[in-house]
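Student: Handing you a structure now.
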Amino acid sequence: MNKKFLIIIIISFIILGSITGLVIYNLTSEKTPNTPEVALMSEENNTGVTEEANIVNNISTISTNYNEIRVSPNASLTFYKYYNTCGHTTKERITATDNLVNLTKDELANVYSDWQINKFTSSEIELYKEFDGSCGEHYLVKSTNGYITIYLLKSDNSTELKETTDIAVKYLSLEDMNELENGVTLYGKDSLNAYIENFE
């Protein structure tokens with residue numbers, strides 16, 4: 001009985017030792033450089049484009065992420081200008097020039113550093129800025145020497161001749177003649193053009 005019991009204990013120790021050795025071998029072999037490992041490193045280069053370096057078996061590859069929004073060709077830029085004196089906001093729209101194409105929002109902000117970017121997509125950009133003075137779109141229309149004449153109203157209430165039309169006042173109604181004798185003030189080029197078109 002004692003010999004059988006001793007043999008069982010020895011066999012048990014041998015089996016236990018073998019299992020322990022296998023576990024230790026597997027744990028240490030996972031840290032060896034022969035096992036494929038993948039490491040991801042992200043860094044942002046000076047153009048703002050994220051690059052990912054994948055290392056597999058000590059061979060590195062770099063892929064570039066172009067998800068950042070950039071100005072596309074034919075994108076429209078709308079400039080909103082607010083004038084403190086008259087309280088009006090003018091709007092001007094242009095198509096992106098070649099030097100603006102492919103810029104990021106931060107890069108565009110450097111180009112227009114004194115403007116506020118209110119909207120930025122690849123195809124549409126809105127910029128805003130405040131100015132002192134008036135917007136330069138205040139007009140006085142009146143009769144001068146028998147013709148309808150357009151004056152630009154300045155912020156100091158002085159006038160500057162903008163255009164003398166070929167529309168003779170004598171062919172207008174009495175009401176229009178009286179109105180133009182006193183002068184009509186208008187704001188905006190659209191309003192001015194619409195008013196003049198009534199007499200053409």
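The values are calculated or read from the model by the stated rules, or taken from the named source; none is laboratory data. Remember, predicted model here, so these are calculated numbers, not experimental data. Every residue, glycine among them, receives a Cβ derived from its backbone with ideal geometry; neighbour counts consider all protein chains shown.
Student: Here is a list: Tyr83, Tyr66. Which entry is closer than 23 Å to Glu130 by Cα, of a type in the set (Phe, Trp, Tyr) and at pLDDT below 95?
Tutor: Tyr83
Student: Can you find even one residue in the range 152-166 that is among the polar types (S, T, N, Q), closer than 30 Å to Pro73 by Cβ, part of a loop (DSSP other than H, G, I, E, B) and touching a Ser or Thr at 6+ places or on another chain (Cβ under 8 Å)?
Tutor: Residues of the range 152-166 that are among the polar types (S, T, N, Q), as a first pass: 155, 157-159, 164-165.
Filter again for closer than 30 Å to Pro73 by Cβ, leaving none.
No: zero hits.
Student: Taking the range 167-187, which residues are assigned to a helix (DSSP H, G or I) and more than 22 Å from Leu153 (Cα to Cα)?
Tutor: Initially, the range 167-187 is screened for residues assigned to a helix (DSSP H, G or I), giving 169-171, 174-182.
Lys170, Tyr171, Leu174, Glu175, listed by residue number.
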